[in-house]
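Structure record follows, encoded as structure tokens.
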Amino acid sequence: MGKLSIISDMDGVIYRGKELIPGAQNFIDRMRDAEVNFLFLTNNSEQTPRDLVRKLAGLGIHGLGEENFITSAMAAAQFVASQRPGGSAYVIGGAGTTAELYGVGYSLTESDPDYVIVGKTASFSFPQLKKATELINAGARFIGTNPDMVDPVEGGTEPAAGVLLAAIAAATGKQPYIVGKPNALMMIYARRMLNTQAEDCVMIGDRMDTDIVGGLEAGMRTCLVLSGVSTRASLEEFPYAPTFIRSSVADIDLDELAGPTRA
């Protein structure tokens with residue numbers, strides 16, 4: 001095996017809502033001291049890596065750069081650019097999605113686009129639903145940045161990208177191709193950014209149904225942390241298991257992660 005690389009979820013791993021997980025900054029510092037290559041991976045398609053650097057700095061996490069993040073918007077942009085270089089898209093989503101599409105040379109249009117790309121946005125409207133339906137029925141390919149139905153917010157949850165995708169799917173009778181977690185494709189893009197092999201990567205997350213299964217299907221070892229939505233009891237619901245289980249990132253030993261042992 002080669003040098004350890006880590007791909008990690010953020011919400012439930014580094015922070016919960018507006019609160020840091022104890023030991024999060026120390027975990028990042030330990031990765032840097034050990035010269036571990038790492039990326040934070042998120043299904044959030046609204047924010048750019050620059051936005052995420054500022055968000056984490058506001059929570060008290062310092063020493064990160066834009067190169068330390070991959071979002072579902074970045075993965076979606078890489079995917080469509082690989083399929084149809086220099087193409088066009090009609091976008092329902094935030095600035096993070098449009099910025100990434102411009103970055104790969106895509107133009108945004110409401111007239112005969114190659115793709116309709118949908119991510120979370122608070123400004124979703126009936127005219128957007130109608131336009132997306134018209135374009136998909138006319139032949140545009142339907143892409144979703146991520147399938148999440150709800151996102152955690154302070155005091156509860158709010159509708160997420162999956163709700164918008166469901167509305168468009170109901171109107172068109174067509175299902176989107178989802179690029180973000182749990183699609184292993186996003187994990188593969190992250191691994192390529194780190195320039196490493198699957199057997200040298202560990203995916204850290206708090207959800208069995210997205211983080212762990214995505215890492216598993218991408219050929220990586222996985223580490224479930226119990227600082228988010230999962231409990232030890234909930235593991236019995238799934239036909240697969242993580243390589244490692246830890247209470248939080250504070251309990252992760254990087255030397256142990258570098259080996260193949262299940263613990």
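The values are calculated or read from the model by the stated rules, or taken from the named source; none is laboratory data. Note that the structure is a prediction, hence the values are computed from the model and not measured. FYI the Cβ positions are ideal-geometry reconstructions off the backbone, even for glycines, and counts take in every protein chain you see.
Residue by residue, here is whether (1) touching a Pro at 6+ places or on another chain (Cβ under 8 Å); (2) farther than 29 Å from Ile143 by Cβ holds:
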residue: Met31; (1), (2): no, yes
residue: Glu35; (1), (2): no, yes
residue: Thr42; (1), (2): no, no
residue: Arg50; (1), (2): no, no
residue: Phe69; (1), (2): yes, no
residue: Phe79; (1), (2): no, no
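Quick check on Ala258: is it aliphatic (A, V, I, L, M), modelled with pLDDT under 95, over 29 Å from Ala73 (Cβ atoms) and out of contact with any Ser or Thr (no Cβ under 6 Å at 6 or more places or on another chain)?
yes
Can you tell which of Thr231, Thr222, Thr210 is modelled with pLDDT of 95 or more, in the same structural domain as Asn26 (by TED's automatic domain parsing) and β-branched (Val, Ile, Thr)?
It is Thr222.
Residues being surrounded by fewer than 19 Cβ atoms within 10 Å (Cβ to Cβ) and of a type in the set (Val, Ile, Thr): count how many of those fall in the range 134-158.
Total meeting the criteria: 3.
Here is a list of conditions, (1) outside any strand (DSSP E or B); (2) exposed (fewer than 14 other Cβ atoms within 10 Å of the Cβ); (3) in contact with a strand residue (DSSP E or B) (Cβ under 6 Å, 6 or more places away or on another chain), and Arg191 meets all of them except one; can you say which number that is?
The number of the failed condition is (2).
Mind listing just one residue for me: the one in the range 196-217 that is surrounded by fewer than 17 Cβ atoms within 10 Å (Cβ to Cβ) and touching a residue at least 40 places away in the same chain (Cβ under 8 Å) and, of those, nearest to Gly144 (Cα to Cα)?
For the range 196-217, the residue satisfying everything is Gln197.
Residues that are among the β-branched types (Val, Ile, Thr), under 24 Å from Val150 (Cβ atoms) and modelled with pLDDT of 95 or more: which strands (runs of 3 or more DSSP E) entirely in the range 17-133 hold 2 or more of them?
Ranges flagged: 69-71, 88-92, 115-118.
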